[in-house]
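First comes the structure, then the notes that go with it.
The values are calculated or read from the model by the stated rules, or taken from the named source; none is laboratory data. This structure is a prediction, so every number in the text was calculated from the model and none was measured. Cβ placement follows ideal geometry from the backbone for every residue including glycine, while neighbour counts extend to all protein chains displayed.
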Amino acid sequence: MSTNPPTGSPASAPPPGAAPQPFHDLRASFAAQREAILAAVTRVLDGGWYILGQQVAAFEREFAAFCGAKHAIGIGNATEALQVALLGLDIGPGDDVIVPALTAAPTGMAVAAVGARPVFADVDAATFTVTAATVARAWTPRTRVVIPVHLYGQCADMGPLLELARQRGVPLLEDCAQCQGAKDHGRPAGTMGSAAAWSFYPTKNLGAFGDGGALTTEDGGLAARLARLRNYGAIGGYDFAECGLNARLDEMHAAILRVKLETLAANNEKRRATAARYRREIVNPRITLPLERPGAWHVWHQFVVRCRERDRLQAWLAERGIETLIHYPRALHQMQAFVARGHAPVEPIEAARAAAEILSLPIYPEVPADHVTRVIAAVNAFPG
Ligand SMILES: Cc1ncc(COP(=O)(O)O)c(C=O)c1O
């Protein structure tokens with residue numbers, strides 16, 4: 001995180017009563033590719049084949065190529081993708097899986113869903129991701145997998161994490177729900193661990209108009225098993241090699257995602273341009289700006305600032321018609337859902353502190369430039 005110096009000439013707040021500015025506008029995402037999306041959906045409906053057909057196969061090829069991954073497997077959503085990957089890595093009851101204390105709850109839910117125990121590692125205060133040091137401190141004798149989350153669009157520092165995992169002989173499973181197109185020292189997200197789980201929830205950098213997800217892996221044997229596990233463990237002819245899930249991406253969403261994939265790189269550039277403006281023009285010393293870690297290629301799924309008086313800042317922006325969100329107001333070890341199911345060997349202090357201070361500003365690709373201008377002015381005018 002870096003804090004910009006005060007300029008001495010604070011920007012004035014936008015006029016009260018100005019039109020409300022939403023955090024997202026998913027209609028803009030549809031409008032940007034309306035004809036192509038409608039044509040793709042119509043082709044699927046006319047084709048009469050709706051589950052595991054040509055669209056899913058083509059999307060898997062195209063998404064793997066986009067990620068620079070050897071294999072991609074279409075999945076219903078990222079929660080299921082994590083679950084399928086954990087099953088494919090033979091994780092179950094009695095096993096511990098290290099996850100960040102600050103992430104979307106489903107990262108931990110997927111671990112609990114396969115009967116394993118989520119163990120919470122603290123995050124780095126500057127990047128909000130786990131590090132080799134925080135993961136090492138959370139290690140238990142039963143640790144079988146580590147799930148680094150590339151939170152807000154920026155990869156965890158994977159080199160040291162991969163080295164730690166190699167030394168201790170456990171796989172890394174990347175949670176790539178928020179980082180389509182991100183890189184760490186030139187290596188694409190989703191190609192560094194044993195497998196990676198992706199979400200195409202509508203607001204993600206690559207978003208469907210419903211739920212969607214994928215797995216990527218470099219391991220052909222694992223890819224075949226994951227593809228089987230997402231389809232009840234089926235091996236054809238109504239025969240089943242093992243117990244799996246129904247975790248399939250459907251043809252309609254695969255067809256939509258193929259269209260959306262065409263604009264993902266350009267949309268990431270738009271997010272980067274908005275982030276650059278925020279980082280250049282927000283100059284209020286009460287606000288700590290997010291950092292692009294050296295070596296990281298950040299795709300700014302969220303633009304998350306820190307402020308000691310976060311709730312007052314959020315209310316200040318709301319009064320000026322600017323909607324913001326908090327990703328996330330509680331760390332996982334603080335959630336009721338994980339009290340009995342999870343474990344934190346070392347108190348995740350930084351995660352809890354971040355949860356009390358973070359605020360996400362609007363950064364969707366189509367966000368109008370004048371909205372960004374108003375956000376910057378309102379944040380700069382936030383008084384002490
Ligand atoms: C980091 C992270 N992991 C997992 C998930 C779960 O994704 P899905 O909603 O596709 O199941 C999300 C979704 O918000 C996420 O942000």
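Per-residue answers, yes or no, for (1) touching a strand residue (DSSP E or B) at 6+ places or on another chain (Cβ under 9 Å); (2) among the aromatic types (Phe, Trp, Tyr):
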site	(1), (2)
ARG286	no, no
TRP300	no, yes
PHE303	yes, yes
HIS343	yes, no
ALA354	yes, no
GLU357	yes, no
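For residues in the range 42-88 being of a type in the set (Gly, Ala, Ser) and more than 11 Å from THR216 (Cα to Cα), which is nearest to the ligand (Cβ to nearest atom)?
Taking the range 42-88 and keeping what is of a type in the set (Gly, Ala, Ser), we get 47-48, 53, 57-58, 64-65, 68-69, 72, 74, 76, 78, 81, 85, 88.
Next, only the ones that are more than 11 Å from THR216 (Cα to Cα) stay: 47-48, 53, 57-58, 76, 78, 88.
Working: GLY47: 26, GLY48: 27, GLY53: 21, ALA57: 21, ALA58: 21, GLY76: 8, ALA78: 3, GLY88: 17 Å.
Once the filter is applied, the top-ranked residue is ALA78.
Would you tally the residues in the range 227-251 being within 16 Å of the ligand (Cβ to nearest atom) and under 15 Å from GLU60 (Cα atoms)? Going through the range 227-251 one residue at a time, the tally reaches 5. Residue count for the range 112-149 under the criterion of being over 17 Å from GLY342 (Cβ atoms) and touching a His at 6+ places or on another chain (Cβ under 9 Å): the result is 1. When you look at ARG166, is it in contact with an Asp or Glu (Cβ under 9 Å, 6 or more places away or on another chain) and assigned by TED's automatic domain parsing to the domain that holds ALA85, yes or no? Here the answer is no, as ARG166 does not meet what is asked. For the condition surrounded by fewer than 24 Cβ atoms within 10 Å (Cβ to Cβ) and in the same structural domain as ARG225 (by TED's automatic domain parsing), GLY68 qualifies.
Within the range 216-225, the presence of at least one residue that is in a loop (DSSP other than H, G, I, E, B), in contact (Cβ under 8 Å) with a residue 60 or more places away in the chain, over 22 Å from the mean Cα position of the chain (by Cα) and within 23 Å of ALA189 (Cβ to Cβ) is confirmed.
For every residue, the table says whether it meets (1) under 20 Å from the mean Cα position of the chain (by Cα); (2) surrounded by fewer than 20 Cβ atoms within 10 Å (Cβ to Cβ); (3) among the β-branched types (Val, Ile, Thr); (4) modelled with pLDDT under 95.
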residue	(1), (2), (3), (4)
PRO290	yes, no, no, no
ARG293	yes, yes, no, no
HIS301	yes, no, no, no
VAL305	yes, no, yes, no
ALA318	no, yes, no, no
LEU332	yes, no, no, no
PRO362	yes, no, no, no
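Selection of the range 174-220 for residues being surrounded by fewer than 21 Cβ atoms within 10 Å (Cβ to Cβ), β-branched (Val, Ile, Thr) and within 15 Å of the ligand (Cβ to nearest atom) yields only THR203.
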